[in-house]
1. Residues Leu16, Leu66: which one is in a loop (DSSP other than H, G, I, E, B), in contact (Cβ under 8 Å) with a residue 12 or more places away in the chain, in contact with a Ser or Thr (Cβ under 6 Å, 6 or more places away or on another chain) and surrounded by 14 or more Cβ atoms within 10 Å (Cβ to Cβ)?
2. When you go through (1) of a type outside the set (Phe, Trp, Tyr); (2) in contact (Cβ under 8 Å) with a residue 12 or more places away in the chain; (3) touching a helix residue (DSSP H, G or I) at 6+ places or on another chain (Cβ under 8 Å) one by one for Gly34, which number turns out not to apply?
3. Can you tell me which residue within segment 30-63, out of those that are small (Gly, Ala, Ser) and in a loop (DSSP other than H, G, I, E, B), is farthest from Leu10 (Cα to Cα)?
4. Being among the polar types (S, T, N, Q), within 18 Å of Ile8 (Cβ to Cβ) and in a loop (DSSP other than H, G, I, E, B), is that true of even one residue in segment 71-84?
5. Show the residue pairs meeting these rules: Cβ distance below 8 Å; 6+ apart or different chains; first residue within segment 42-55 and farther than 13 Å from Leu29 by Cα; second residue in a loop (DSSP other than H, G, I, E, B) and at pLDDT below 95.
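The values are calculated or read from the model by the stated rules, or taken from the named source; none is laboratory data. Quantities reported herein were computed from a predicted structural model and do not represent experimental measurements. Neighbour counts run over all protein chains shown; Cβ positions are idealised from the backbone, glycine included.
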Amino acid sequence: MSKLNQQIQLRDGRRLGYDEHGASNGKPLFYFHGSPSSHLESNLYFGDDLLQALNVRLIAVDRPGLGLSNFQPQRRLLDWSNDM
């Protein structure tokens, strides 16, 4: 059920990029990539077949300014929870 290169608009107008893999109605599991990287990193570790078998819906999110996500000026570490 992969949904690739998705974006959602946040309250402040920025766009947040993400991919979804696995079971569309499965238990949601968020994947946050390392640095420097993007949502594509999750493809190295998780196959769609495994996620389907585990009934997991993996949501791999880009951090601000990386991948498909817009840059956030004067971003602080604590701002990440507001995006999520």
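1. Being in a loop (DSSP other than H, G, I, E, B), in contact (Cβ under 8 Å) with a residue 12 or more places away in the chain, in contact with a Ser or Thr (Cβ under 6 Å, 6 or more places away or on another chain) and surrounded by 14 or more Cβ atoms within 10 Å (Cβ to Cβ) holds for just one of Leu16, Leu66, which is Leu66.
2. Going through (1) of a type outside the set (Phe, Trp, Tyr); (2) in contact (Cβ under 8 Å) with a residue 12 or more places away in the chain; (3) touching a helix residue (DSSP H, G or I) at 6+ places or on another chain (Cβ under 8 Å) one by one, Gly34 breaks only (2).
3. My answer is Gly47.
4. yes
5. These pairs meet every condition: Asp48/Met1; Asp48/Ser2.
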